[in-house]
Each structure stands twice: as structure tokens, then as C-alpha cells.
Amino acid sequence: MKLGTMVNLDENVVEKIKDVKKYGLESFQLCAWNHDLMTDEYVEKILSATKETGLEISAVWVGWEGEATWDFVRGPITLGIVPVFFREKRIANLKHGSDFTKKLGVTDMVTHMGFIPENPNTDDYRGVVEAIREIALYCKANGQYLLFETGQETPITLKRTIVTVNTGNLGINLDPANLILYGKANPCDAVDIFGDYVRGVHAKDGEYPTNPNYLGEEKRIGDGRANFPVLIKKLKEHGYNGSITIEREISGDQQIADIKYAKKFLEDIING
């Protein structure tokens, strides 16, 4: 397993890639929300920086335009391609992200689809399935896997959706903290449900929600409810040997300190 971290696509992306190398990591997941920067110029900058550092881009995390409120009240009507109001534009966003990912030579594109409906017998669910299928087939034509970031739906709903869409190029970016923060599952148990669909993993931790309107609190790895020794053991049992991407959704010096702490924390588990 390679250890990496997140790198945001912004005007300082080259410096941020070089920082990953300084941390002693081997890979990074490029997080791309700004579609104006998904240009040939930035493709050249990023590829030059990866060649210089020897780092691997494990996946490209592609965002979408419009309101995004990360809670339980407005989240279901603003996140991903689930809300009909945003769907057409965001399908186009994700296709644009797929083309950008292809130019970078990366085979895995990740996103949040939104709060996928639990009930498969509704028009809402069927509409989401068709939207995902359209995006997935576009990615397939680009030689890519489309990965669902976990969190906003139960693991079995996510697996049902993958089976229903059935394009042969769908996978999961397992974020153990998100499953906890959204109150959807124990991440260790989720690995048994997801099985071989896991193609990427975020190393992030957190607490279950207690306020019914808001997500739980993200924590430094090891300080939350995600049991990483058991999680990594289960991933190995299911044959996972990809990147473990450290994600700490704060900023500044504390973020850097927590990333370095997570590197040592994970190395001790993986090599133990």
C-alpha cells in the first residue's frame, strides 16, 4: 500500500505537489473543484511536477458547480447529481472532469454523487441511476473507472446502485470517516459489503453525529471512531493494495502536523 495525501487544484498546485514529496509520501489524489483550471496549461504543470518528484496521481477527485451544503438539511437538495435542479449542469461538469483526468493519464475519477435514495422503487432513484450511467459510460469511453466517495448513503444502497447501473467501470473510494460523520455505517463492516469494489481509500477519522441537522466532527486520525488496524486488515483480506490517501479537512500548520502524524500512524499499522 502506498501512502499519499490530497492536493487541491489551485494556482499553487505545483508547490503543493512538491510538499507531498517533502512529507515522505508516494502519491496524491488531485482534488479538482475549479473547472476553470482544468486546462492544458495546468495538465502540463502537474505532469511536470509529478515527473520531477516521482509521485503518482492515484485518482482525480472532481467537484461540480452550484450550492453545496454539507449537512443533513440542505445536503440532500444541494449535493451531487441527486438534486434534479443541478443535475444537467453537474453531469456536464463530471464529463469535463473526465476529459481532464484522461489528459493527466489517470484511470480513476472520484466524486460525491449525493444522498442516493434508499428506495429503489421510486422515480427519484431511477433518475439518479440513469444520470450515473451516463457519466459512467462517458468515463468508460475515456478508459476510466468512476468511483463513488462513501458517506451520504448506506453501504448497501451504494452497492445496489453500482449493481443496478452495471457499466463495469464503477468502484468505491472508501472514506471511513465519512461513513461515521454521516452516521451511515461502521467503516470496518462496510469493507465486507463493498468487497472488491474498493479502488481507493481515504485515511480520515471522526465522530458520529449527535445533532440531527449536522455531520459529526472530523478528528485527527486515531482520535475518532475509525478502527484503522481492523480496517487495514480487512482491506488486505479483500486484496486491496492501492493508495491510502491521508485527508485532513483543516488548514494551516496543524493540517501539516496531522498529515505527518497520520503517515507514522499508518506506517506502524501497515508494517506491523
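No value in this document is a laboratory result; all are computed from the given coordinates. Bear in mind that the values here come from a model prediction, so they are computed numbers and not experimental data. As a convention, Cβ positions derive from the backbone with ideal geometry for all residues, glycine included, and neighbour counts pool all protein chains shown.
When DSSP beta bridges are restricted to pairs lying wholly in the chain, around 5% turn out antiparallel.
Each of Y261, N271, I221 was placed along the dipole of the stretch 221-272 (beta-carbon charges, centred on the mean Cα), and the one lying farthest toward the positive end is N271. Note on the chain: helix-only mean residue ellipticity at 222 nm, from DSSP H runs of 4+ residues weighted -39500 (n - 2.57) and normalised by residue number, equals -13500 deg cm²/dmol. When you filter the chymotrypsin sites (Phe, Trp or Tyr not before Pro) in the stretch 193-231 for DSSP loop state and at most 15 other Cβ atoms inside 10 Å of their Cβ, you are left with Y214. Taking every C-alpha pair closer than 8 Å and separated by at least 6 residues, the mean separation divided by the residue count of the stretch 2-270 gives a relative contact order of 16 percent. Report note on the peptides 5-18, 127-140, 249-262: ranked by the mean count of other C-beta atoms within 10 Å, highest first, their order is 127-140, 5-18, 249-262.
Write down Rg/Rh for the chain, rounded to two decimals, with Rg from the C-alpha atoms and Rh from the Kirkwood relation over Cα pairs. Kindly include the intermediate steps, with their values, before the conclusion.
Working: Rg = 17.5 Å, Rh = 18.7 Å.
So for the chain, dividing Rg by the Kirkwood Rh gives 0.94.
Using the Cβ of N166 as centre and a radius below 15 Å, the other residues enclosed give a net charge of +3, where K and R count +1 and D and E count -1.
Estimated at 0.36 nm per residue, the fully extended path between E67 and E44 surpasses their Cα-Cα distance by 5.3 nm. Dipole of the stretch 30-98 computed with +1 at Lys/Arg Cβ and -1 at Asp/Glu Cβ about the Cα centre; of G63, G80, C31, farthest Cα towards the positive end is G80. This model, with +1 at the C-beta of Lys and Arg and -1 at the C-beta of Asp and Glu, gives the stretch 2-270 a dipole about its Cα centre of some 600 debye.
Please give me the summed charge of the neighbours of Y42: other residues whose Cβ is under 11 Å from its Cβ, Lys and Arg +1, Asp and Glu -1. Spelling it out: positives minus negatives among the neighbours equals -4.
Hey, can you list the DSSP H helices of the chain whose Cα span along the axis is 18 Å or longer and whose average Kyte-Doolittle score is at least -0.5? Counting only whole DSSP H runs, the qualifying helices are 123-141, 253-270.
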